[in-house]
């Protein structure tokens, strides 16, 4: 089964996972969160990169790791991209609650498909419904 790593600014990922688990119930895959401080100093980047690498290696059990980040191009996203070529991971940025709920509901799917399912969930979760 694909395991999941959520890397976000501050406690966004922690709180989003709590909300998703409240809605969906206890999660089937192993999910870890890492919180990157919004006021991170450049000399602290290496420490957080090491934490990300260690967590990916802990989660990587053969089926890959789906990594979710909050903002494309921001520090959490940039840090996880360092490991995208050396590990069996897929990275999806733009984490929102509909994305996470969809991923949890389809957690048994293979890595590539699970990443696509998350993107579809995110997009459907923000589709306008009020005719603007």
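Within region 7-16, identify whether any single residue is free of Cβ contacts under 8 Å to residues at least 12 places away in the same chain and surrounded by fewer than 18 Cβ atoms within 10 Å (Cβ to Cβ), and answer yes or no. Yes, there is a match, as at least one residue in region 7-16 is free of Cβ contacts under 8 Å to residues at least 12 places away in the same chain and surrounded by fewer than 18 Cβ atoms within 10 Å (Cβ to Cβ).
Scoring residue 93 on the criteria (1) crowded, with 16+ Cβ neighbours inside 10 Å; (2) under 20 Å from residue 24 (Cβ atoms); (3) under 14 Å from the mean Cα position of the chain (by Cα) leaves a single failure, condition (2). Is at least one residue of region 59-77 under 25 Å from residue 126 (Cβ atoms), without any contact (Cβ under 8 Å) to a residue 12 or more places away in the chain and surrounded by 16 or more Cβ atoms within 10 Å (Cβ to Cβ)? No: zero hits. In the set (1) more than 15 Å from residue 5 (Cα to Cα); (2) at pLDDT 95 or above; (3) more than 13 Å from the chain's Cα centre (by Cα), residue 72 fails one condition alone, (3).
The values are calculated or read from the model by the stated rules, or taken from the named source; none is laboratory data. Fair warning: this is a prediction, and the values are worked out from it, not measured in the lab. Backbone-built Cβ (ideal geometry, glycine too); neighbour counts: all protein chains shown.
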